[in-house]
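**Q** Sharing a structure here in structure tokens format.
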Amino acid sequence: MTGRVIIVTGANSGIGYETAKFLCNGGNEVILACRNEEKGKAAVGKILESNPNALASFMQLDLAELASVRKFVDDFHAGGRKLYALVNNAGVFLDKRSPRQFTKDNFELTLGTNHLGHFLLTNLLLGDLESTATEIGDARIVVLTSMLHDRNLKKKMRNITPFDIDDIFLAGEGKYSAENAYKNSKLANILFTYELAKQLQDRGVTANCICPGFIPSTNLSRNATASSRFFVRYILGGLFRFTKITQSLEQGARAVVEMVTDEKYKGVNGKYFKNHAEAQSSDESMDEELRVKLWELSARYCHLKGYEPLDAEIPPPAEKKEDPKDVSDTTEKVEEKADASDKAKTEEEKTEKEKDMEKDEKDEKTEKQEEEKKEEETVKAEEKSDIKENVEQTEVKKDDVTDEKGSEEKTTVADVEPVQTEAAK
Ligand SMILES: NC(=O)c1ccc[n+]([C@@H]2O[C@H](COP(=O)([O-])OP(=O)(O)OC[C@H]3O[C@@H](n4cnc5c(N)ncnc54)[C@H](OP(=O)(O)O)[C@@H]3O)[C@@H](O)[C@H]2O)c1
């Protein structure tokens, strides 16, 4: 298959970049839809460096702004290209200490980016996909979700609550946590895919979602503290390295690419895949009424034609609206504020939790140095080892880990996601 046009969102980094690269190598024409022009163009440049014949191009898309999504689609239409597939890959996972943040349209940032931005994008491109399907009998939508969508996997974590259709932006007292927002957004990805697939039946276009596995080498945990990132990459990454839970970037991206291009997925519609196989998604995701309600609400918030428009409430002043384009800056500000407030408090006033946080911050400097050293050693070690072979040999299934400690560990794996990315290096 060659020359088919495929849009990959968030393709400047991690799984998106790797997916775009492999799709280009397969002769497809790939549009890297990224929010940051510099990073997007750098990613295109890197693909062209390794494959001068690659049909890769950058287009600006900020999923945290509905106007940007609409502009992206207008720009795409102006190019007159036929669309074969859409890969909804981009995602944010804020640091657990981050306050609630918002998109340009006042949506809670994680749900707004991971679900609502993609909801609008997909709906605006459906006509393009349908005409391709009419012409060649195939057009695909692949949505990146996560096993973390499953509340039961994270039930031992703080602030993980059932998805509340009446409070999708987690505005209720004590409802918001970055983990809860991420879990909800990944659940929304699945609810959306299932409902979309139902609507697409017999229209030639298919929609499926995939959890690429735990991939510690992407940039998703960029907003976490240095100690958390160290923990994810070296402790958890190492711990699960020889299991099916941890996947290399290449393995994760190849699974996505297969879903986009492989003949065996032609006609497969409305499924959830994990570890390269069809899987059962969480109980929450099986709620058909919830799917319909979320669809309608999303359509209203995105001002989709045919639905009564609804605007999100302006965030309360206490929750200062940050620029979603620079989340890392926001996190730094949060840490600065935490430092200042820590100094102002006396030792006696500090809670156990605050003391732990302070210790964590003190350890950070040392850990940063250790991390750099360890990173060098790991890179060298990785070059010598055949990771793939080891993974295949061991094949420890996540579900085999049934004891209490094991389920704690699964929960923690889910809590985190990775650091450095090929394109970001
Ligand atoms: N890594 C894992 O273990 C794992 C596991 C399960 C599921 N996933 C899912 O896989 C997908 C890719 O994640 P990753 O691990 O590859 O992380 P990543 O390296 O951080 O890549 C995320 C991409 O999303 C982009 N993005 C973020 N906000 C955006 C916005 N408002 N508009 C447009 N693009 C935006 C980022 O752009 P910037 O570079 O500009 O920030 C980046 O290109 C996500 O949907 C994630 O939930 C990952």
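**Q** For MET59, MET147, MET286, what's the fewest-to-most ordering of other Cβ within 10 Å of each Cβ? It would help to have the intermediate numbers written out before the result.
**A** Working: MET59 17, MET147 23, MET286 13.
Ranking MET59, MET147, MET286 by Cβ neighbours within 10 Å, fewest first, gives MET286, MET59, MET147.
**Q** My understanding is that a pair violates if its Cα-Cα distance is over 21 Å; which of LYS186/LYS274; LYS264/LYS293; LYS186/LYS293 do that in this structure?
**A** Details: LYS186/LYS274 13 Å; LYS264/LYS293 32 Å; LYS186/LYS293 16 Å.
Too far apart for the 21 Å limit: LYS264/LYS293.
**Q** Further, regarding this structure: Share of Cα-Cα pairs in the range 1-41 beyond 11 Å, in percent?
**A** Numbers: 460 of 820 pairs.
Result for the distance tail: 56 percent.
**Q** Taking every DSSP beta bridge that has both residues in the range 5-301, what percent is antiparallel when rounded to the nearest 5?
**A** Details: 4 of 32 bridges.
Roughly 10 percent of the beta bridges in the range 5-301 run antiparallel, per DSSP.
**Q** Right, here's the next one. Rank the residues ILE314, ILE47, ILE15, ILE210 as a footprinting-exposure proxy: fewest other Cβ atoms within 10 Å of their Cβ go first. Before the final figure, lay out the partial values.
**A** Details: ILE314 9, ILE47 25, ILE15 32, ILE210 28.
Ascending number of Cβ neighbours within 10 Å: ILE314, ILE47, ILE210, ILE15.
**Q** Sticking with this one: On a full-extension model of 0.36 nm per residue, what is the gain between ASP167 and ARG81, subtracting their alpha-carbon distance, rounded to one decimal in nm?
**A** Values: separation 86, 0.36 × 86 = 30.96 nm, distance 3.88 nm.
Stretched out fully, the ASP167 to ARG81 stretch lengthens by 27.1 nm.
**Q** Okay, next question. Count the lysine pairs in the range 42-173 that are 8 or more places apart or on different chains: how many have C-alpha atoms under 27 angstrom apart? Please report the intermediate quantities before stating the final value.
**A** Details: LYS46/LYS71; LYS46/LYS82; LYS71/LYS82; LYS71/LYS104; LYS96/LYS104; LYS96/LYS154; LYS96/LYS155; LYS96/LYS156.
For the range 42-173, the number of qualifying lysine pairs is 8.
**Q** Among ILE215, ILE7, which comes first, second and so on when ranked by fewest other beta-carbon atoms within 10 Å? List each step's numbers first, then the result.
**A** Working: ILE215 22, ILE7 27.
Exposure proxy ranking, most exposed first: ILE215, ILE7.
**Q** Moving to a separate point now. Averaging over all projection directions, find the projected area of the Cα convex hull of the range 5-301 and quote it in nm² with one decimal place.
**A** So the mean shadow area of the Cα hull is 14.7 nm².
**Q** Once fully extended, how much extra length lies between THR134 and ASN106, figured as 0.36 nm per residue of separation less the alpha-carbon to alpha-carbon distance? Don't skip to the answer; put the middle values down first.
**A** Details: separation 28, 0.36 × 28 = 10.08 nm, distance 3.75 nm.
Result: 6.3 nm gained on full extension.
**Q** Hey, if you put +1 on the Cβ of every Lys and Arg and -1 on every Asp and Glu Cβ in the range 5-301, which of SER281, PRO216, PHE102 ends up farthest toward the positive end of that dipole?
**A** Positive-end residue among those listed: PRO216.
We did not get these values from a lab; they are worked out from the coordinates using the rules stated. This is a predicted model, so every value here is computed, not measured. Counting neighbours? That spans all protein chains shown, and the Cβs are built from the backbone with ideal geometry, glycine included.
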